[in-house]
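*Asks:* My structure is below; once you've seen it, I'll send some questions.
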Amino acid sequence: MRAKITVVGAGNVGASVAQYTVEKELADVVLVDVIEGVPQGKALDLFEAGPIHRYDCRLVGSNGYDETMNSDIVVVTAGFPRKPGMTRDDLLFKNAEVIREVTGQVVKRSPNSILIMVTNPLDAMVQLAWKVSGFSTQRVMGMAGILDSARFRTFIAMELQVSVENVTAFVLGGHGDTMVPLPRYSTVAGIPITELLPKERIDAIVQRTRDGGAEIVNLLKFGGAYYAPGAAVVEMIEAILKDKKKILPCAAYLDGQYGVKGLYVGVPVKLGRSGVEQVIEIKLTPEEQAAFGKSAAGVRELVEKLKL
Ligand SMILES: NC(=O)c1ccc[n+]([C@@H]2O[C@H](COP(=O)([O-])OP(=O)(O)OC[C@H]3O[C@@H](n4cnc5c(N)ncnc54)[C@H](O)[C@@H]3O)[C@@H](O)[C@H]2O)c1
């Protein structure tokens, strides 16, 4: 039987997740949104692309949750995106209300599912969804690091004029302005970029990565990025459904790792059919550890504002 994915929030990111999921024939998809007609319309439109793109996955849209019953994975993109000049943290209270409601609805109907959170401010929303769901930490995670490192990889490939396929990169920390791109662990065909680029070019690329979301928001003006975020979520879906045991940076629950306890923050994890199967600890320099600690402290501040 084909797997079943629910995507809550049929906006830009949600629709991209649905599109890439069926294009890779990973699962049937249920799209849910509060706006009447939108999830139904987008699901039908994507279903009708099936004959051309040659997928048989079924897509259904709904304004309720009954169709989401027994989903293997639930992706939550519901909420409000940033407008120019806003930080992700400005969305905290508005989106917390949405996440409380949506999480309650989905876990009732899919008690064995894995939750992938996307709504910003990401790390705090994952913590909230985990609390509301009552799920194990293994089955609740957030997407951010894959997107941030894809941006980092894009900029490195642009700078060195090499294939993006040759570039690996790691970004740790919360999905915000304090995220921690790690040049030492970022390589081109296995060679650390610290050996290929001067420090000032690396610093400029790191800064562009940190500002990667804002760069798109400022260009689009009516919302945030969605193609790369959608692709990043689908990489997680694929790793889980195919039990790939893939190491990817995700927002995961830390229970002492990296010196952080009881908090969701972006770290490398092993993703497989059970969800987050392991948090991978890598050695950080004192400077990197300090930057990570600062990023985690920023996430904790938001979590405390929500009284979690
Ligand atoms: N984690 C990341 O890396 C990342 C990347 C991109 C976007 N985001 C975040 O993802 C979220 C969605 O972004 P977008 O560009 O798709 O926004 P969007 O406005 O296009 O879509 C959001 C959708 O959520 C729906 N919605 C609102 N309240 C709802 C509810 N209670 N139940 C069901 N649906 C509801 C809206 O009707 C809308 O269609 C934002 O919070 C954005 O900041 C996160």
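*Asks:* Of the options VAL276, ALA290, LEU302, report the single residue whose Cα projects farthest towards the positive end of the charge dipole of the stretch 239-308 (beta-carbon charges: Lys, Arg +1; Asp, Glu -1).
*Replies:* VAL276
*Asks:* How would GLU200, GLU67 line up by accessible area, probe 1.4 Å, largest first?
*Replies:* GLU200, GLU67
*Asks:* About the Cα centre, and with charges only on the beta carbon of Lys, Arg (+1) and Asp, Glu (-1), how big is the dipole of the stretch 207-283? Nearest 20 debye, please.
*Replies:* The dipole of the stretch 207-283 has a size of about 120 debye.
*Asks:* Which far-off residues, 5 or more places away or on another chain, put their amide H under 5 Å from the one on VAL75, with H placed in the peptide plane?
*Replies:* THR6, VAL7, VAL8, ILE116
*Asks:* Convert each backbone phi in the stretch 266-274 into a coupling constant with the Karplus relation 6.51 cos²θ - 1.76 cosθ + 1.60 (shift: θ = phi - 60°), then list the ³J(HN,Hα) values in order as whole Hz, x for Gly and Pro.
*Replies:* x, 8, x, 9, 9, 9, x, 5, 8
*Asks:* Hey, can you grab everything whose amide H is under 5 Å from the amide H of LYS246? Only 5+ residues off in sequence or another chain; H modelled, so Pro and N-termini drop out.
*Replies:* Counting only residues 5 or more places away or on other chains, the set is LEU271.
*Asks:* Can you give the angle from 0 to 90° between the axis of helix 199-210 and the longest principal axis of the chain, with both taken from C-alpha atoms, to the nearest 10?
*Replies:* On a 0 to 90 degree scale, this one is about 20.
*Asks:* Using the Kirkwood radius over Cα pairs, work out the Stokes-Einstein diffusion coefficient for the stretch 1-160 at 25 °C and 0.890 mPa s, in µm²/s as a whole number.
*Replies:* For the chosen part, D equals 151 µm²/s.
*Asks:* Separate question: Could you give the C-alpha radius of gyration of the stretch 123-231 expressed as a fraction of 2.2 N^0.38 Å, taking N as the number of residues it contains? Walk me through the intermediate numbers first.
*Replies:* Details: Rg = 15.5 Å, N = 109, 2.2 N^0.38 = 13.1 Å.
Dividing the Cα Rg of the stretch 123-231 by 2.2 N^0.38 Å gives 1.18.
*Asks:* Treat every Asp and Glu Cβ in the stretch 1-125 as -1 and every Lys and Arg Cβ as +1, leave all other atoms uncharged, and give the resulting dipole magnitude about the Cα centre to the nearest 20 debye.
*Replies:* Details: 13 positive and 16 negative charges, 35 e Å.
Magnitude of the dipole: close to 160 debye.
*Asks:* If you don't mind, there's one more thing I want to ask. Report ³J(HN,Hα) in whole Hz for each residue of the stretch 50-66, in order, from the Karplus equation J = 6.51 cos²θ - 1.76 cosθ + 1.60 where θ = phi - 60°; Gly and Pro get x.
*Replies:* x, x, 7, 7, 6, 10, 9, 4, 9, 10, 10, x, 7, 9, x, 10, 4
*Asks:* Sticking with this structure for a sec: What would the Debye equation give as log₁₀ I(q)/I(0) for the stretch 227-270 at q = 0.15, 0.18, 0.25, 0.31 Å⁻¹, counting only Cα atoms as equal point scatterers?
*Replies:* With no solvent term, the Cα-only Debye profile gives -0.43, -0.59, -0.88, -1.03.
*Asks:* When the chain is fully extended, how far beyond the present Cα-Cα distance does VAL164 get from GLN278, taking 0.36 nm per residue of separation? Mind showing how you got there, number by number?
*Replies:* Working: separation 114, 0.36 × 114 = 41.04 nm, distance 2.68 nm.
This chain segment gains 38.4 nm when fully extended.
*Asks:* Calculate the dipole size of the stretch 70-110 relative to its Cα centre from +1 charges on Lys and Arg beta carbons and -1 charges on Asp and Glu beta carbons; express the result in debye to the nearest 20.
*Replies:* Here the size comes out at about 60 debye.
*Asks:* To continue, here is another question. So for the chain, taking the charge dipole from beta-carbon charges (+1 Lys/Arg, -1 Asp/Glu), which of GLN19, VAL260, GLY142 sits furthest toward the positive end?
*Replies:* The Cα lying farthest towards the positive end belongs to VAL260.
*Asks:* Ok, one more. When you take every Cα atom in the stretch 96-136, what is the radius of gyration, and what is Dmax, the widest Cα pair distance, in Å?
*Replies:* In Å, with Rg to one decimal and Dmax whole: 9.2, 25.
*Asks:* Continuing with this model, one more query. Expressed as a whole percentage, what fraction of the accessible surface of the chain belongs to carbon and sulfur atoms when a 1.4 Å probe is rolled over the protein heavy atoms?
*Replies:* 53
*Asks:* How large is Rg/Rh for the chain, to two decimals, with Cα atoms and a Kirkwood Rh?
*Replies:* In the chain, Rg relative to Rh is 0.95.
*Asks:* Now for a separate question. Determine which aspartates and glutamates satisfy two conditions relative to LYS307: a Cα distance under 18 Å, and not lying fewer than 8 residues away in the same chain.
*Replies:* Cα-Cα hits under 18 Å: ASP89, ASP90, GLU97, GLU101, ASP123.
*Asks:* If you don't mind, another one. What order, most packed first, do the peptides 164-173, 186-195 have when packing is the mean number of other Cβ atoms within 10 Å of each residue?
*Replies:* Highest mean packing first, the order is 164-173, 186-195.
*Asks:* Still on this model: Once the Cα atoms of helix 122-133 and of the chain are each reduced to a long axis, what angle between those two axes, in degrees from 0 to 90 to the nearest 10, is obtained?
*Replies:* 40
*Asks:* To continue, here is another question. So which of LYS24/LYS131; LYS244/LYS283; LYS246/LYS283 end up more than 29 Å apart by C-alpha?
*Replies:* Check vs 29 Å cut-off fails for LYS24/LYS131.
*Asks:* Once both axes come from the Cα atoms, what is the angle between helix 227-241 and the longest principal axis of the chain, in degrees from 0 to 90, rounded to 10?
*Replies:* 80
*Asks:* Right, another one. Quick check: convex hull of the Cα atoms in the stretch 90-183, volume per residue, rounded to a whole Å³?
*Replies:* Hull volume over Cα atoms, normalised by residue count, gives 112 Å³.
*Asks:* Rounded to a whole number, what is D in µm²/s for the stretch 1-62 from Stokes-Einstein with the Kirkwood radius over alpha-carbon pairs (10 °C, 1.306 mPa s)?
*Replies:* This corresponds to a translational diffusion coefficient of 144 µm²/s.
*Asks:* Could you give the Stokes-Einstein D for the stretch 29-72 in µm² per second, using the C-alpha Kirkwood radius, 10 °C, 1.306 mPa s?
*Replies:* For these conditions, the coefficient is 147 µm²/s.
*Asks:* What area, in nm² and to one decimal, does the C-alpha convex hull of the stretch 178-308 cast on average over all directions?
*Replies:* 10.0
*Asks:* Please name whichever of ILE205, ASN218, ILE240 sits farthest to the positive end of the charge dipole of the stretch 123-242, dipole taken about the Cα centre and charges placed at Cβ: Lys and Arg +1, Asp and Glu -1.
*Replies:* ILE240
The values are calculated or read from the model by the stated rules, or taken from the named source; none is laboratory data. Note that the coordinates shown come from a computational prediction; the quantities given were computed from them, not determined experimentally. Note that each Cβ is placed from the backbone with ideal geometry, even for glycine, and that neighbours are counted across all protein chains shown. Each accessible area value is taken on the protein alone, full model and side chains, heavy atoms only, with ligands, DNA and RNA left out. Shrake-Rupley method; radii C 1.70, N 1.55, O 1.52, S 1.80 Å.
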